[in-house]
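Worksheet for the structure shown next.
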Amino acid sequence: MKLADVSEIEAESDIFRPRSFVFTKMHGNGNDFILIDEMYHELLPELQKSSFAVRCCHRNFGIGGDGVLFLVRSNRADLGMRLFQPDGSEAEMCGNGIRCLAKYANEAGYIDTSFSVETLAGIITIEVREIENCFWAKVDMGSPSFYRPSIPAIGSGDFLMEELEGFKVSAVNTGVPHAVIFVDDLNLPISEIALKIRHNLAFPEGANVNFVKVDSQLEIRTFERGVEAETLSCGTGALASASVARRLGFVGDDVQVETRGGPLMVHFEGEKAFMEGPAVTIYTGEISEEYWSSCSQEL
């Protein structure tokens, strides 16, 4: 279908209804996504992508997911990735999501075992392999930044162990802004606590919030901006937690981070960080005409 045809259809209807709309459901450590392949054809018009994510991420009235990944072409890298979250916002980057996208693209034959992906957070290089019959990806996450303007956070200098909402909070940008709080016990009402920090005026664009327990490894729970809830795993959150812990001398260059959905490995080479973890394909499906019709109604 030509893009010109899409515009004509949009003018006639509130909801664009493609003749065939196939999606793939995937997860990285329980952080689950709906992947739409737009490498060769735009299946969903730009103006519909945000509302589509709101509807389809709904776990009762939609497919259910922590976000919608769009695999797109890039003029600057081998692939492009866009991520729309359940609240309709577009995220700069997602560590678990990019591994899912890498698995799909590798199995579709779009790329080989080493390639680059353009995201809103920049171009990211990835290496993929198989470990004991499981897909595994190593993601070059660049250099985490504690500098307030780059997080972004108000003020100047690095954001380390500042008093905020009754907690000692550190903040870092690992592709998206993250607040990190070290605790002795992870059995906390984290959604209630995290909301105050997520919306604190210190973070003009909001922040994801991680609660971290330091043991022989790091154990974390993450409240994600855009999802507006705790998720089972957050790749950029695992990296943020490891980065702050390393900066404070709690861990070394090789860190295992245990999320509620499973482990992730974080490695540092100087200031550059790499994240390794799995990705799993759950199923492939097709959205029905009946559902497209129901999308014209408010959930």
* Principal-axis tilt of helix 46-56 within the chain, Cα atoms, nearest 10 degrees -> 70 degrees
* Asked: Mind checking the angle between helix 95-108 and the chain's longest principal axis? C-alpha axes, 0 to 90 degrees, to the nearest 10.
  -> 40 degrees
* Using alpha carbons only, what's the Rg to Rh ratio of region 144-270 with Rh from Kirkwood? -> 0.92
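Please report the net charge: other residues with Cβ closer than 13 Å to the Cβ of SER156, K and R +1, D and E -1. If you can, show how the numbers build up before the last one.
Values: positive: ARG148; negative: ASP158, GLU162.
Once positives and negatives cancel, what remains is -1.
How do ARG225, ARG148, ARG76 line up, fewest other C-beta atoms within 10 Å first? List each step's numbers first, then the result.
Numbers: ARG225 22, ARG148 19, ARG76 9.
So the residues, fewest neighbours to most, are ARG76, ARG148, ARG225.
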* Asked: Among LYS138, LYS168, LYS103, which comes first, then next, by fewest other beta-carbon atoms within 10 Å?
  -> LYS168, LYS138, LYS103
* Return the single residue from VAL255, VAL22, VAL266 with maximal mean-square fluctuation; model: Gaussian network over the chain, springs between Cα atoms under 10 Å. => VAL22
* Asked: With each label point set 7 Å from Cα along the Cα-Cβ vector, what nm distance links LEU47 and ARG129?
  -> 4.8 nm
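Run the dipole for the chain about the Cα centre, Lys and Arg Cβ at +1, Asp and Glu Cβ at -1, nothing else charged, and hand back the magnitude in debye, nearest 20. Write down the numbers at each step before the final one.
Numbers: 25 positive and 45 negative charges, 59 e Å.
In debye, rounded to 20, the chain gives about 280.
Order these by the 10 Å Cβ neighbour count, fewest first: THR119, THR281, THR113.
Values: THR119 22, THR281 15, THR113 12.
Fewest-to-most Cβ neighbours within 10 Å comes out as THR113, THR281, THR119.
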* **Theoretical gain in end-to-end length, SER216 to LYS196 [0.36 nm per residue, Cα-Cα removed]** => 4.2 nm
* To do: Report the local net charge at LEU186: Lys and Arg +1, Asp and Glu -1, summed over other residues whose C-beta lies under 13 Å from its C-beta.
  => -3
* To do: Divide by every residue of the chain the summed helix terms, -39500 (n - 2.57) for each DSSP H run of at least 4, and state the resulting mean residue ellipticity at 222 nm, rounded to the nearest 500 deg cm²/dmol.
  => -6500 deg cm²/dmol
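Bear in mind these aren't lab numbers, they're just calculated from the coordinates by the rules spelled out. Keep in mind that what you see is a predicted model, and the values were worked out from it rather than measured. Every residue, glycine as well, gets a Cβ built from its backbone with ideal geometry; the counts of neighbours run over all protein chains shown.
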